[in-house]
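Worksheet for the structure shown next.
The values are calculated or read from the model by the stated rules, or taken from the named source; none is laboratory data. In this text the structure is predicted, and so the values were computed from the model without any measurement. We place every Cβ from the backbone using ideal geometry, glycine too, and count neighbours over all the protein chains shown. Ligands, DNA and RNA are excluded from the accessible area calculation, which covers all protein heavy atoms including side chains. Shrake-Rupley method; radii C 1.70, N 1.55, O 1.52, S 1.80 Å.
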Amino acid sequence: MSARERLANARSGKLRPAARQSSENVALPIDNLELTADLMSVTPEKADSTTQVAGTAAHGRERLRLDDVSVFYGNTPAVKNVSLSISHGEVLALIGPSGCGKTTLLRTLNRLTELTPNASHSGQILLDGDEIDELVDTDLRSRISMVFQQPNPFPMSIFDNVGFALREQSRRRPRRPELEPLVNQALQRAGLYEEVRGDLGRSALRLSGGQQQRLCIARAIAQKPEILLMDEPCSALDPRSTAVIEDLIGQLSKDLTIVIVTHNLQQARRIADRVAFMYLGDLVEIGETEQIFTAPREQQTREYIAGVFG
Amino acid sequence: MASAEPYSAPSLLPPRRRRRGRRSSLRSWRLRDQAVFVLAWTVGIGLFAVVAALVGFFAVRGAQYLRPDLLVTHPAPSVSQAGSGGFLDAIEGTVLLGVIGLLIAAPIGVTTAVWVVEYGRPRWLSRIVESTVEMIAGTPDIVLAIFGLALFELGVFAPLSYSEPGGAFGRSFLTAGAMMSLVALPSVYVATRNGLVATPRQLREASYALGKTRIATIRRVVLPGIRRDIATGSTLGLGRIIGDTAIVILVLGATLRIDTQSSTPLLGLLRGTGSTLTSYIYGNSPAGEGGAPQKASAAAALLLLIIIGLNWGVGRIGRIGGPPLHEPKRRLGA
Ligand SMILES: Nc1ncnc2c1ncn2[C@@H]1O[C@H](COP(=O)(O)OP(=O)(O)OP(=O)(O)O)[C@@H](O)[C@H]1O
Ligand SMILES: [Mg+2]
């Protein structure tokens, strides 16, 4: 299979992680070349899991590092002493029973927990080596974008929803003609463009739930973030929209790092490079997807996975 | 083919659709529920009858006395109804005062509500602001009027009205408009505040998660999202301004005609005195000088028409489209 063919396959979303894994392990210099990023997703170095330490990345350069992170609501910890690192171009799935702190952890990564009045966190979160609390919150959040569990389009037109992300704070500029290519591109990447191209001036609230969620994804990726956080993005969707979004995640992971919370273990298995299992605020185990599903190290992980599978 | 299938003819009609499913009948209700049901209907019909009588009365009066030329002629000082002209000035005054009052009240009301709901710190200050607005809402307009007059007669406010070296006259469209803004303020404030409170947290978070600042979120996401509430509140406020009499009589001067106060076109008008439909009605009714009761009736019919129009407008604003905001723009010929 030529690189071109592989690329085409990956673009069309045909290649699932299972197929990726079987491909040969090629060491590649990691840089920002688009082609490299594309190849990366088809040939991840998953085979050498023996050299992997739990919590370190299978992929390229490290982007996000959590050191002993705890998050509290008042005095109650919701996330306890979590350490892990996430590297460029990988898809990390967070799984675990309800209330175990997945959303809390995700929202801590782009400092949304700050908006909850009594929430606080300890430990260090580094983005490319910079402590995130030291960064300006708005800068951080345009680098680490987020898609929520419930589609939350703004009460504006489809165009303005995506354009809003690109506009500078409350300014109106840049004007529509300048935004148009970028908006269209984001909609295309989110797989929504074909369905809405006829009337981008239509209210976003008139879209279906699945379309709204894809619009929210388009909005989140419009300003080209480096990391995309997704909190159960498919939980409100039907299987078909879910499939569309899963394909999309496969495509996006070529040049984005994705952290996704999901209750759907099959989904985690389909789309994730690595899986982290949380339980009552603890990070119990993190590892390669297949390892977590076929040979979990921890008893709790085994029980959770077995319990859900029957 | 049709002959082979004798029952095919009715199928050409669409199947009858039921608009509603079957419901339990009133008979099966408990006695108390039946009583409340009957009471609710009685009260509803009773209220309707009162309003219908009011509207009917002024519809008849209006049809009798409201002639088009009244709307376009200036009033004239005369004891006979034949010579006292129309009420053009009162209409102009009503519009002008409404516009001035709303231009002041809308931005202040919206800004205050945004501050209280979105920032609200320090707490005590936001509580004070809240109860201040409540107090303004509860203050009788005649009290506001007396206070306004006392205030604007002060020398510092001389530029706002006709003034002489000794002091200010205090009565003008500007000063009355300023007082009227207080009449409209609570409506705007309450509507905006309720809209802000009802705005889902998820919507704001979506904006923050895109790296937007708080102010950008409010301006570009939250406020556009509640513009319907703001419009409704403003329209209600406008209705209250238009319906007010005390402030017009005390602070606008209730002069028969609009008297401009200098040669500068706009400023002269704003510093001048005038009247509105309400003060015109008062002045010409049997309660006032009683000069022209028929014209008072005509003006009252017109005023009622305006108020009904505004209420209709409020209903329209509240109902625009299914999901709130941003309707698809209908393109002609497309
Ligand atoms: N705003 C809050 N204030 C106080 N406690 C909270 C708040 N949000 C979440 N918690 C608590 O923190 C814990 C973790 O919640 P979190 O929402 O992160 O769970 P989750 O893993 O995302 O669950 P789910 O799978 O149901 O979404 C829960 O015990 C929850 O009650
Ligand atoms: Mg959650």
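Over what distance in Å are the Cα centres of the stretch A:235-310 and the stretch B:232-253 separated?
62
When ranked by the protection proxy of mean other Cβ atoms within 10 Å per residue, highest first, what sequence do the peptides B:30-36, B:279-285 form?
On the way: B:30-36: 10.0, B:279-285: 24.1.
Per-residue mean Cβ counts within 10 Å order the peptides as B:279-285, B:30-36.
Relative to the Cα centre, what is the charge dipole magnitude of the stretch B:62-317, using +1 at the beta carbon of each Lys and Arg, -1 at the beta carbon of each Asp and Glu, and rounding to the nearest 20 debye? Kindly include the intermediate steps, with their values, before the conclusion.
Numbers: 19 positive and 14 negative charges, 255 e Å.
The dipole of the stretch B:62-317 has a size of about 1220 debye.
Using mean Cβ contacts within 10 Å as the protection proxy, how do B:192-205, B:72-85, B:263-276 order, highest first? Could you put the intermediate results ahead of the total?
Working: B:192-205: 16.9, B:72-85: 13.0, B:263-276: 18.9.
Ranking, from highest mean packing down: B:263-276, B:192-205, B:72-85.
Would you please name the trypsin sites (Lys or Arg not before Pro) within the stretch A:61-135 that are DSSP coil residues with at most 14 other C-beta atoms within 10 Å of their C-beta?
Details: sites: A:ARG61, A:ARG63, A:ARG65, A:LYS80, A:LYS102, A:ARG107, A:ARG111; in loops: A:ARG61, A:ARG111.
The qualifying sites are A:ARG61.
Under 1.5 on a/c is rounded, so check that first for the stretch A:241-308, then, if it is not, pick prolate when a/b is larger than b/c and oblate when it is not; a ≥ b ≥ c are the square roots of the alpha carbon gyration tensor eigenvalues. Could you put the intermediate results ahead of the total?
Values: a/c = 2.11, a/b = 1.83, b/c = 1.15.
Here the stretch A:241-308 falls in the prolate category.
On average, how many beta carbons from a partner chain sit within 10 Å of the beta carbon of a residue in A:148-155?
Numbers: counts 4, 1, 3, 2, 9, 3, 12, 13.
For this peptide, the per-residue mean of nearby foreign Cβ atoms is 6.
As I understand it, the dipole of the stretch B:62-317 uses +1 on the Cβ of Lys and Arg and -1 on the Cβ of Asp and Glu, about the Cα centre. Which of B:PHE87, B:ALA168, B:LEU266 lies farthest toward its positive end?
Farthest towards the positive end: B:LEU266.
Please compute how much accessible surface disappears when B pairs with A, both sides summed, using a 1.4 Å probe, and round it to the nearest 100 Å². Walk me through the numbers before you get to the answer.
Values: alone 20640 and 14120 Å², together 32290 Å².
In total, this chain pair buries about 2500 Å².
If you take each beta carbon of peptide B:200-206 and count the beta carbons of other chains within 10 angstrom, what is the mean?
On the way: counts 2, 3, 5, 4, 2, 6, 14.
Across the residues of B:200-206, the mean count of other-chain Cβ atoms within 10 Å is 5.
State, as an integer percentage, the relative contact order of chain B based on alpha-carbon contacts under 8 Å between residues 6 or more apart. Display every interim value, and only then the final one.
Numbers: 444 pairs, mean separation 70.4, N = 334.
About 21 percent, as a whole number.
For peptide B:210-223, compute the average count of partner chain beta-carbon atoms within 10 Å of each residue's beta-carbon.
Details: counts 15, 15, 9, 5, 3, 2, 7, 4, 1, 3, 9, 6, 2, 0.
That works out to 6 on average.
At a 1.4 Å probe radius, carbon and sulfur cover how many percent of the accessible area of chain B?
66
Please state the shape class of the stretch B:62-317: rounded when a/c is under 1.5, otherwise prolate if a/b exceeds b/c and oblate if not, all from the C-alpha gyration tensor. Kindly include the intermediate steps, with their values, before the conclusion.
Working: a/c = 2.56, a/b = 1.74, b/c = 1.47.
Judged from the Cα gyration tensor, the stretch B:62-317 comes out prolate (a/c at least 1.5, a/b above b/c).
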